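Notes follow the structure.
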Amino acid sequence: MTTTNDPSLNFSTDWKYAPAPESSDHVQLKSRYDLFIDGEFTAPAQGAYFDTCNPATETNLAEVGDGSEDDVNRAVQSARKAYDRVWSRLSGRERGKYLFRIARMIQERARELAVIESMDGGKPIRESRTVDIPLAAAHFFYYAGWADKLQYAFPGREVRPLGVAGQIIPWNFPLLMAAWKIAPALATGNTVVLKPAETTPLTALKLAEIVQEADLPPGVVNIVTGAGATGAALVANPSCSKIAFTGSTEIGKRIQKSLAGTGRTYTLELGGKAANIIFEDAALDQAVEGVVNGIFFNQGHVCCAGSRLLVQESVASIVIRKLKHRLETLVVGDPLDKNTDIGAINSRAQLDKIESYIDRGRKDGLNLFQSECPVPQKGYWCRPTLFIDVAQSHPLVQEEIFGPVLTIQTFRTVEEAVEKANNTPYGLSGGVWTDKGSKIFKVTSRLRAGVVWANTYNKFDPSSPFGGYKESGVGREGGLHGLAPYVSLT
């Protein structure tokens, strides 16, 4: 029996799910991965490698090449040669065939890719299997369809590719972010140098194997693994006509500053501090489940995670009680177990950051509720956490935590809800929960956020644009809008 200070939460937890582990026997990982340059896996120039580990077990999965500036320059030269001699000269029809082939091969290897994503990143296999990998394939399918229709995407304009696109992606959606960026770049006739996150490089390297098997011309896609210095070298290379970055606001500002006045284009998809707004006329059970899905099922490791909850005062006590009850049912544990709701935090450094915010909340005397669920002894774990009645000015409300931590505030009027939702440096996404369609239109039109969901949360589609306002970034990715940053229009 779970016993808490709230009598309404005293419910039986004697039952438990039987283990339902996803097998990893079919996964083939090499002990060492080199850089993928000019269609071949080649050793890094300086012979340096780093380990990538499973955050759920703290065991090393593979050694991965640590790309230097020389490696980046070599990859960019390869991409430029492929652009000039092959890729920019191909018809859109032919480019589309390659993208279709890659999409099909991702589907064929979906099970393997999903397991690797969970092993390398710590996310639950349910999310990797049902969200990450299908969406990655869907992005290649979607942009394959646009490759020979660019004249319809930009009617009356002459469309030309930019050249070499340098792309830097984060660790929260490794393969999906790679597809998100590579697919529109290739569809529009550009070539690519991709730098994956140093903590989750394996599915990007598996994508390199798929690129090889798909007989993509050498140099069209290059993948250089490494840490921050590798990404900085890619941004600094003047032969990259375009930079696409997804990551922290701090690094995004540096990239924007370094590219200012160079004539090189960029898109930046940065941090977020999304607000879920629950009105008193909402379907509360549905709203609570949407909030849980928006922040806890993905460990808060989504830039658009609904990490703030604004709930109308008249139903606040009911919503908070339901949320507490729901948190006590969540399973934290082995990412490869299909019963797991919340997997491992991606790295020790990220866990330390999350815990520092939780400690800050404790020291400041905030009303804290944390699930009592058991967690494994080894690995990087964080129980789902609520902070209730948090002041608007508190760092927990204003700063991106990137973990399973939700702050709760109340409001009385629509105007107060909108004001609080907009009162952060970010503007990436948001959610509105109400039974009134007119209220949905009224609120969503006033939220300063790039993506707003109504009576749902974290739903994505390749045909829908994604991006933010303020310190959440510049430009849009996905959909028809995602083609524009990779072309020059006259």
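The values are calculated or read from the model by the stated rules, or taken from the named source; none is laboratory data. Predicted, not measured: the structure shown is a model, and the values here were computed from it. Please note: Cβ atoms are built from the backbone with ideal geometry, for glycine as well, and neighbour counts cover all protein chains shown. When the accessible area is computed, the model is the full protein with side chains, heavy atoms only, and any ligands, DNA or RNA have been set aside. Shrake-Rupley method; radii C 1.70, N 1.55, O 1.52, S 1.80 Å.
Work out the FRET efficiency for F154 and K16 from their Cβ-Cβ distance, taking R0 = 60 Å, and round it to the nearest 0.05. Efficiency computed from Cβ-Cβ geometry: 0.60.
When you count the other C-beta atoms within 10 angstrom of each residue and take the mean per peptide, 326-339, 470-483 line up highest first as 470-483, 326-339. Annotation for E94 and E355: the two label points, set 7 Å from Cα along the Cα-Cβ direction, are 5.6 nm apart. When each of the peptides 196-206, 236-246 is scored by how many other beta carbons lie within 10 Å of its residues on average, the order from highest to lowest is 196-206, 236-246.
Extension gain, E372 to S239: 0.36 nm times the residue separation minus the Cα-Cα distance gives 42.6 nm. Dividing the Cα radius of gyration of the chain by 2.2 N^0.38 Å, with N the residue count, gives 0.98. Excluding Q312 itself, what net charge comes from residues whose Cβ is under 13 Å from its Cβ, given Lys and Arg +1 and Asp and Glu -1? Local charge sum for Q312: -2.
In terms of accessible area, using a 1.4 Å probe and ignoring ligands and nucleic acids, S248, S347 rank largest first as S248, S347. Taking the DSSP beta bridges with both ends in segment 275-454, the antiparallel portion is around 15 percent.
One-quarter of the Cα convex hull surface for segment 275-454, in nm²? Don't skip to the answer; put the middle values down first.
Values: hull surface 39.4 nm².
The number I arrive at for segment 275-454 is 9.8 nm².
Straightening the chain between E313 and S24 buys 99.3 nm, computed as 0.36 nm per residue apart minus the Cα-Cα spacing. Legend: residue pairs K242/K338; K353/K470; K123/K322; K181/K324; K324/K470; K253/K322, Cα-Cα distance threshold 29 Å; pairs beyond threshold, K242/K338; K181/K324; K324/K470; K253/K322.
Using a probe radius of 1.4 angstrom, the carbon and sulfur fraction of the accessible surface of segment 254-294 is 49%. In summary, segment 54-160 shows an alpha-carbon radius of gyration equal to 1.40 times the 2.2 N^0.38 Å reference for compact globular proteins. Full extension of the chain segment joining L489 with D435 gains 15.1 nm, where the gain is 0.36 nm per residue of separation less the Cα-Cα distance.
Residues of segment 275-454: accessible area per residue at 1.4 Å, in Å²?
Here the residues of segment 275-454 average 37 Å² of exposed surface.
Note on segment 275-454: with charges restricted to the Cβ of Lys and Arg (+1) and Asp and Glu (-1), its dipole about the Cα centre is near 180 debye. Its Cα gyration tensor gives segment 158-292 an equivalent ellipsoid; the semi-axes, largest first and in whole Å, are 31, 19, 15.
Between S68 and A45, Q46, the built amide H atoms are under 5 Å apart, and every one of these is 5 or more places off in sequence or on another chain.
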